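Inspection log for the structure reproduced underneath, given as structure tokens.
Please treat every number below as a calculation from the coordinates, not as lab data. Note that this is a predicted model, so its numbers are computed, not measured. All Cβ positions, even for glycine, are placed from backbone atoms using ideal geometry, and neighbour counts span all protein chains on display.
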Amino acid sequence: MAPSIGVNLRVTGHCDQGDRKYMEDVFSVAYQHTKEGQDLEYAYFGIFDGHGGQHAAIYAKEHLMDNIVSNPYFWSQNDEDVLKAIKEGFLVTHMAMFKVLDTWPKTMSGLPSTSGTTASIAFIRRGKLFTGHVGDSGIVLGYQDPDSGVWYARPLTQDHKPESAMEIGRIQEAGGKVVWKAGVPRVVWNRPRIGHRGPVLRSTHIDEIPFLAVARSLGDLWSFNSASNEFVVSPEPDVNSMTIDVSRHRCLILGTDGLWNMIPPQRAVEVIQHVDRQNKMQPNADQPLPWTNPSKRLVNTALDYWMMNKLRADNCTAVTALLDPPGPPLSGLLATHKHDEQVQSESTVPTSDGEVEESEESDVEDVEDVEDKKSVEKSLSELAAMLSSPVTSDAETAAPQLNETTQIAGNELVRDPVFRVLRNRTHSATSLDNKCAKKESVLSVIHKRAVVVETTLSRLRERPMTRSFLDGADDRNASDTENHVKKSKQSLPVLTSHRILRSGTCSSLVRTLRSQDSNLRLQGHHKRKRSRSITPLKRRK
């Protein structure tokens, strides 16, 4: 894109509120054109995770880059001068927040705002990468293995946590303290007792509140210690520089702690590589593949991990910069390659002999193929009509004759499922005619069997419903039924007596079955316990 930065960039960003009540993450992407307007002087990426409100994060987003770029050291050819400009830009932005502190909302107890923010920024200039960092956000560089082609992760920043030995020593020297609360180490806020008014004196009662889980940030002006004249939560950043190798370095990922707490750096680089491969695939004209935002995929992956761990998701933000070698943009190369393939496929059509014919000849062949298909369909319709017509004579059915077009396209017809069904029906009809020479005798036998079946069904309809239930004999009487019931009264269902009663049996049998039903109901699980009803006592007056 521009020789001044020495690399082509494809930059995306995405943020999600997660399950938190407020959204306190912001990010910034900016670049500066040269005077000619064709190249870039620098490219800037910043990500900020606010706490105690988003006011400090928004302020850092709007002023941090300007405070760095306005420093004369930033335009030096010396890398140390550029890093010095970045460090001074952090401190200037932090101190400038004192001027706008009164415009920020106060706390519930009426004290000045406790808003602060982490800050992780990166500049690409003259083919080099310059980073500045405070807090627990992070920057990761993805590089490619030349042998395997796999991308690997290299963290460029280190979290500033209160539990680290270096940070604990610095906090204690500044007059601060670190206390563990609910398993998390936090920097103590020496807050005046609620209700105090006026300046804080030596005699003012101070409450020690375990407050912040990061050791460095921008804002957090409450952490200023007047005795040591230092900030317990330091705004001084870690700065670093490195040369970009376009043959190996593939991506740059900036993320907040909501992302890095769920996704390790190596997993994040693997996700970006997978998405980049999908976006580089050549889609077909009929089925175009949608373009995927790498940063959005990364944030959604982190939110899935939050949900799988059954935790309340934090604000998640990611900024991804894919690094390409200098030259024409990758999107333009892919579009040109795709256009060339479409033109080549439309202009030439390969034949079976391996030769290439003109598009006009291919159009003529297409017309001939359509005519052949129409003739084949016509012959199939005639064949289906012949097979579906009823047979009215005993003469053998002649096999259907196919026309010339059908015989020529015989291989295609065999593959057609409709032709397979029609062919099977034809073979079954001819084999039946050949095997059954005496059709009249067969039909007479079938007619006799049908008469026997009809007489049997008529007899069954005339019988009562209960006879078939107990026994199929016609000469069974009421006494036999009683004996049968006595033998199998355990297996007889409870509702049998009602069914026989509806069929109109004798009164003695009914009485017997009713007595059996009452005995069955009193046995086993048919007995039910009556629940005692407790009447509440009346209140005494």
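Listed values, structure above:
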| quantity | calculated |
| --- | --- |
| The stretch 8-331, relative contact order in percent, only Cα pairs under 8 angstrom and at least six apart counted | 25 percent |
| Exceeding the 19 Å Cα-Cα cut-off - candidates K21/K310; K61/K99; K161/K181; K128/K296; K87/K177 | K128/K296; K87/K177 |
| HN-Hα J in Hz across the stretch 101-117 - Karplus 6.51, -1.76, 1.60, θ = phi - 60°, x for Gly and Pro | 5, 5, 7, 7, x, 7, 6, 4, 8, x, 7, x, 4, 9, 5, x, 7 |
| Using θ = phi - 60° and Karplus 6.51 cos²θ - 1.76 cosθ + 1.60, couplings along the stretch 61-66 (whole Hz; Gly, Pro as x) | 4, 7, 10, 5, 4, 5 |
| Loop GluC sites (Glu not before Pro), the stretch 77-185, which have at most 16 other Cβ atoms in a 10 Å radius of their Cβ (DSSP) | E163 |
| Burial ordering of T114, T34, T107, fewest other beta-carbon atoms within 10 Å first | T34, T107, T114 |
| Residues I171, I244, I86, sorted so that the one with the fewest Cβ neighbours within 10 Å comes first | I244, I171, I86 |
